[in-house]
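Readers should treat all values here as calculations from the given coordinates under stated rules, not as data from a laboratory. Since we're looking at a predicted model, the values are computed, not measured. When we count neighbours, we look across all protein chains shown, and the Cβ atoms used for this are built from the backbone with ideal geometry, even at glycine.
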Amino acid sequence: MADLAEFAAAARRLAEAVSALDRHAGALDLRPAKERPWHETLHGKLLPQLPGPGGGGAFLVVAVVGGTNIGKSLIFNHLAGFEASSSSKFASGTKHPTCLVPTGFGESHRLEEIFPGFTPTKLDERDPDAALRADDRDLLFWAESDAVPANLLLLDTPDVDSDAPVNWERAAKIRTAADVLLAVVTEQKYNDAAVVRFFREAGGRHVHGADAAVVVVFNQVHLPEDEQYWPTWVGTFAERTGIAPDLLFLAPHDRVAAKELRLPFHERPWPPDQSEPEAQARLSADGDTLRVALSELHFDEVKLRTLSGAVDRLASPDDGVPAWLREVREAAGRFAAAGEHLMDELTDSKAKWPPVPSAALVDEVRDWWRGRRTGATRRVADAYSVVGGLIAQPLRALRGPKPPPLEGYSKEEFALFRRAVERLFSQLERLRESDPVLAPRLAAALGGAPRAELLERLRADHAACDLDEELAGVVRTEMDALLTNNPRAGRWLRVLDGAAVMGRPALTVGLLGTGVIGTELAAAGITVVADTLVGGAAAAAGEAAGAGAGTLAMRVNAKLARIERRFAERRRAWLERWVRDALLGPLVSDVAHAAALPDSEAFAAVGTALTELQRASGEREPVTVSNSTERAGG
């Protein structure tokens, strides 16, 4: 038999895991876990009735149940040892349950947790008939008693065959919470349809998640005349309800003894022992026999039996925790599909990105390499740059100010961005009409700023982008990677650059001596292709560079093409981020988070905790949650 403390710890882990997943599952638009029947089983049955983390405090809930006018309240009073519950000669007398608890019970337990749905109300000795009065509220009257064993709670319940449906509901709630049902029946009621239905449902542990022990008290028996009949009556009751009594008592029809709380209870074996009929009965002069028999039930066995029934309810693949996990997985699949639709609209892979101007790319590569020159090469190059700048100054004055290299690119890019946003806006409006998952979320997103305001914001945000710095950052990253990953290429670059720089003064002096200035100087002196470290560097270095220079030129050209692709990717990513922030808000991330929920730690924790609880309850074959929650077709 499993250990109650281990069982309690496993139940608490499951409750914590369910709570964590439920917080995340709210994004899937599912019913909260607390609205599901298995959640009430966990929080209304398991957790309140298990020992706390410090150990101890477990108890059995014994509910006296039965139909009208069968002496149910009188038997409850025999268990209590005093008149704790009022009785009525009228049908449907008891309207609200009455609970007797051991003295001091309320200091460490909460009745509202043990009996969810009821409002505990302390019994007033001056108003003993309170439980007989109709009230729309579900009240549970309670009192402490030294006569109640420390491990029992005793309950008198509303009549299960009452004309008032509210009485059935209250009795059913008590039935769910009970570990032991003390079923009071009589010759007139043992085969009554309403009574049979109530106990048949009580016996269906796989339906209601409880496998309570059942003690049958056959009341108002005429002994010894009925000795030959009661086995047939009890047998019919057991057959129709599916209940095999754990204990069976016969209470004689004795109005005086019943009123004076000295009714004897005769214990009988079940099934009947036909071999020794005279040795079957044990007689007691009061209710002690019944009370002691209840307190001496195999406590852990009965408690775990009841709670194991609750675990069956939790583990039901049809309406338990596995069904909830399956629903979470299926809903997440819908969100994943919706997310794919959304991302397809956000990513316009057909758009042709404008090329980066070669002059801008050359300038950024030159600036990158200038910072990496050293020694004589750096001094000569810096000096020549100053001289070259002075020589070219008159030419720049004649031509006027030169526009920024990326000015034209910026205009082309904004035009592309504008077309993409206008197209996206239209696509999202169509998606709002066709995708049930995204519809309410897109309605909120698209119902914000008008399209004109959105495009004006795009213009302002795009104008604030520092494209030069962004391109410079891509160049630095890619060219640094070239030097790091290809040390030999770095050495060739320095050899070629040194040859180009050292040959550059002689070239310029020669040009000045021949009077060649203007266009020729601009082409040969200022923008010597050696400074770009591309193919011309090999020519400037002469034959000394050999075949290695050609290979290097190919690598550098490939790197320049890669820089252009990486820059385009960064700009595309900027547009996607802008769309998410300005138009969709957190929608993209929320949908992605919801879609990924079945792969999260929170989801896995629920399945693990349920398996641990099943093992702790003594189940031989725990439900495998992963199998019961597979994706359809997976």
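A few points about this structure:
- Ordered by the number of other Cβ atoms lying within 10 Å of each residue's own Cβ, fewest first, GLU564, GLU340, GLU83 fall into the sequence GLU340, GLU83, GLU564.
- Residue order for TYR409, TYR190, fewest other beta carbons within 10 angstrom first, comes to TYR409, TYR190.
- Taking label positions 7 Å along the Cα-Cβ direction at both ARG566 and GLU453, the computed distance is 4.0 nm, reported to one decimal.
- Bridge type composition, the stretch 61-319 - antiparallel percent by DSSP, nearest 5: 15 percent
- Mean Cβ count within 10 Å, highest first, over the residues of peptides 170-183, 299-312, 421-434: 170-183, 299-312, 421-434
- Label-to-label distance for ASP318 and GLU601 is 3.7 nm, based on points extended 7 Å past Cα in the beta-carbon direction.
- Gyration tensor (alpha-carbon) shape descriptor, the stretch 61-319, a/c threshold 1.5: rounded
- Two-site FRET efficiency, THR477 against ALA20, from Cβ-Cβ distance with R₀ of 35 Å, rounded to 0.05: 0.30
- Alpha-carbon centroid distance for the pair the stretch 91-170 / the stretch 1-70, whole angstrom: 21 Å
- For the pair ALA134 and GLU260 in one chain, pulling the backbone fully straight at 0.36 nm per residue adds 42.6 nm over the alpha carbon distance.
- Backbone amide hydrogens, once placed in the peptide plane, bring GLU267 within less than 5 Å of LEU250, ARG282, excluding anything fewer than 5 places away on its chain.
- Of LYS95/LYS259; LYS72/LYS122; LYS34/LYS189; LYS122/LYS259, those spanning more than 29 Å from alpha-carbon to alpha-carbon: LYS34/LYS189
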